[in-house]
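Everything on this sheet refers to the single structure shown next.
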Amino acid sequence: MTSSRLKRVEESATIKVSNIATNLRQQGADVISFSLGEPDFDTPKHICEAAADALYMGETHYTPSAGIPQLREAIAEKLRTENQLDVNASNVLVTPGAKQAIFEIMLTVLDDGDEAILFDPAWVSYDSVIKFAGADTVWVPTDPSDSFKPLDLEEFITDKTRLIVVNTPGNPTGAVYDRSILKNIADIAIDHDILVLSDEIYEKIIYDREHMSLGSMEGMQDRTITVNGFSKAYAMTGWRLGYVAARPDIFNGMLKLQSHSVSSATSFVQYGGLAALQGPQQPVTEMVDRFRARRDILVKGLNDIGLKCKTPGGAFYAFADVSEFGDGDTVSEKLLVDAHVAVTPGSAFGESGRDFIRISYATSQENIKEGLSRIESALS
Ligand SMILES: Cc1ncc(COP(=O)(O)O)c(C=O)c1O
């Protein structure tokens, strides 16, 4: 008795893997998980305190649907100074997580039969939400040897193309797009009058590279919908807090959806977000330094074993080519069953991920070393 709309969408493959790992754990197995999509660090203390203070001060009521004015203002200020986006608070919608923001964007801009472009491989939820919105996903191949940049993008544009989704630094590959790759995408979006969803949730988890916001490029301001949030940068996944900057018609569409569904992000959580933006940024730098050290151990270890993997420039994922040992699904299953190591098969992120596995290094160095040694034994 479920709707036809829902039938277009499949269960998230990443959830499937973590369910198997949970079952194994329940049977007493010591499973090392490389499948997590969230920082393993605690939220910095000053952020928790700000939210707790707000809670005890009685900030427990509905807030405006678009978010509390102070937070919208602080986000707009951040986007202007750090991202060179020409926005003000009236363009900023605070959402319960970036995921909800993406859901609202797709439902706002896509009509039945429209096409939305994803670069293959892409984060699991984009495709599902595009389909949920009644549109079709058009997968564009990417070049694993060069930052997983899209190949021949223009050839995939049709008169139905409405949206291009860009995610840098990216999940699942950790790839970071430089200015020339972004310029190429921007030129095509402008030439064909297409909107771009720029998912910048991993913006701050970046190593020795500069993050660039698509919406800051010439001609892109009005056609870029910028998504960001607090989950990854500030280790706040469970808080559910994200945001969008969009031009007025798109902003208003999203606001309509938000006010009729979740109403707003949680009141006191928004005060935590304010503290995250306005407080010390040192905890972010420290987390990134720790991610970098883990990345270096993991990437070297994987390549030594024969799982080919470029050094990712951002996020906390390594995307390794396992074709020497089988396809990604087979290898993932073998690692889970034989070595009790949980990774995510690359096929979860699109056809081109078939020969890959995604390994999240949001886990301790000890786990990474132990995991590598188990992987080596299982595959040798
Ligand atoms: C690329 C990407 N975008 C968005 C999200 C969702 O983030 P949030 O926790 O803010 O909903 C994730 C979470 O895994 C992600 O990987």
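The values are calculated or read from the model by the stated rules, or taken from the named source; none is laboratory data. Since the model is a prediction, treat every value here as computed from it, not as a measurement. Every residue, glycine as well, gets a Cβ built from its backbone with ideal geometry; the counts of neighbours run over all protein chains shown.
Summary of values
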{"read-out": "Condition check for S373: at pLDDT below 95 and not in a loop (DSSP other than H, G, I, E, B)", "value": "no"}
{"read-out": "Residue that is nearest to P69 (Cα to Cα) [pool: residues in region 222-250 that are within 10 Å of the ligand (Cβ to nearest atom) and aromatic (F, W, Y)]", "value": "Y243"}
{"read-out": "Hits in region 322-354 (condition: over 21 Å from the mean Cα position of the chain (by Cα) and outside any helix (DSSP H, G or I))", "value": "V322, S323, E324, F325, G326, D327, H340, V341"}
{"read-out": "Within region 185-214, considering residues that are surrounded by 19 or more Cβ atoms within 10 Å (Cβ to Cβ) and more than 16 Å from the ligand (Cβ to nearest atom), the one nearest to Q100 (Cα to Cα)", "value": "L195"}
{"read-out": "Members of region 120-136 found to be within 16 Å of the ligand (Cβ to nearest atom) and in contact with a Gly (Cβ under 8 Å, 6 or more places away or on another chain), listed by number", "value": "D120, P121, A122, W123, D127"}
{"read-out": "Test result for D30, among the acidic types (D, E) and outside the structural domain of S373 (by TED's automatic domain parsing)", "value": "no"}
{"read-out": "Test result for V299, part of a helix (DSSP H, G or I), outside the structural domain of V94 (by TED's automatic domain parsing), crowded, with 21+ Cβ neighbours inside 10 Å and of a type in the set (V, I, T)", "value": "no"}
{"read-out": "Residues being outside any helix (DSSP H, G or I) and aliphatic (A, V, I, L, M) - total across region 246-294", "value": "3"}
{"read-out": "The listed residue being assigned to a strand (DSSP E or B) and modelled with pLDDT of 95 or more, out of Y234, Y243", "value": "Y243"}
{"read-out": "Filtered residues of region 343-375 (kept if in contact with a Ser or Thr (Cβ under 9 Å, 6 or more places away or on another chain), within 18 Å of G306 (Cα to Cα) and hydrophobic (A, V, I, L, M, F, W, C))", "value": "V343, F356, I357, I359"}
{"read-out": "Residue match in region 22-38 (condition: closer than 23 Å to F356 by Cβ, among the charged types (D, E, K, R) and within 15 Å of the ligand (Cβ to nearest atom))", "value": "yes"}
